[in-house]
Amino acid sequence: MERSSRLLVNTGEGKGKSSAAFGVMSRGWARGWNVVVIQFVKGGKWKTGERKLADQLGIEFHTLGDGFTWESDDLVTTAELGKQAWQLAKTKIDANAYDLIILDELTYAITYGWIEEAPVLATLQNRPARTNIVITGRGATEGLIAVADTVTEMRKIKHAYDQGIKAKKGIEY
């Protein structure tokens with residue numbers, strides 16, 4: 001039986017993984033889909049454009065991390081937040097209530113060992129037929145790549161940050 005939903009993975013060292021996912025978020029919303037976003041790494045203090053857009057559109061949005069791992073003062077707490085984010089994600093997937101679920105930066109929760117990959121893969125493979133999922137983050141595992149329908153690798157050719165230019169509101173966040 002062909003599944004009607006899709007599982008997309010945006011990975012790689014380049015920029016644009018989350019931005020592409022939020023483009024899909026906008027497209028899904030415009031189609032009348034019930035959409036939820038779960039961010040695994042970004043902290044709630046961040047004032048991002050994607051969050052502002054989601055709030056304006058009435059899209060459910062959960063920012064559950066405490067920021068970038070290299071900025072964390074307590075990696076045990078960071079890992080626990082990642083586990084909690086996965087529990088929420090699993091609950092949302094199993095609920096059969098969403099047409100689109102964006103799991104922003106999920107790859108890090110797996111590669112950093114915060115959550116086990118096997119139960120994640122099982123949940124993704126057994127998701128409800130209506131539930132499309134977009135996963136973002138560097139270093140997508142072979143397991144995620146194997147279960148995905150579409151995998152896109154973002155590759156940096158040139159980036160302003162490498163020239164000492166800081167991130168710009170509206171472009172990077």
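Checked against (1) modelled with pLDDT under 95; (2) among the aromatic types (F, W, Y); (3) more than 11 Å from the chain's Cα centre (by Cα), F40 meets all criteria but (3).
Of all residue pairs spaced 6 or more apart or on separate chains, those with beta-carbon atoms under 7 Å, a first member in the stretch 103-119 that is in contact (Cβ under 8 Å) with a residue 40 or more places away in the chain and of a type in the set (S, T, Y) and a second member that is buried (at least 22 other Cβ atoms within 10 Å of the Cβ) and assigned to a loop (DSSP other than H, G, I, E, B) are T107/G137; T107/A140; Y108/G137.
Here is a yes/no grid of residues against (1) on the phi > 0 side of the Ramachandran plot; (2) loosely packed, with under 15 Cβ neighbours inside 10 Å; (3) polar (S, T, N, Q):
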position	(1), (2), (3)
E116	no, yes, no
P119	no, yes, no
L124	no, no, no
R127	no, no, no
G137	yes, no, no
L144	no, no, no
T150	no, yes, yes
R155	no, yes, no
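Screening F61 on (1) part of a loop (DSSP other than H, G, I, E, B); (2) in contact with a strand residue (DSSP E or B) (Cβ under 6 Å, 6 or more places away or on another chain) shows it passes everything except condition (1). If you go through the stretch 2-52 and keep only what is small (G, A, S), surrounded by fewer than 20 Cβ atoms within 10 Å (Cβ to Cβ), touching a residue at least 40 places away in the same chain (Cβ under 8 Å) and closer than 20 Å to T63 by Cα, you end up with G16, A20, G49.
For residues in the stretch 16-58 being among the polar types (S, T, N, Q) and part of a helix (DSSP H, G or I), which is nearest to G170 (Cα to Cα)? Taking the candidates together, the pick is S19.
The values are calculated or read from the model by the stated rules, or taken from the named source; none is laboratory data. All of these numbers come straight from a predicted model, not from anything done at the bench. Note that we place each Cβ from the backbone using ideal geometry, even for glycine, and neighbour counts take in every protein chain shown.
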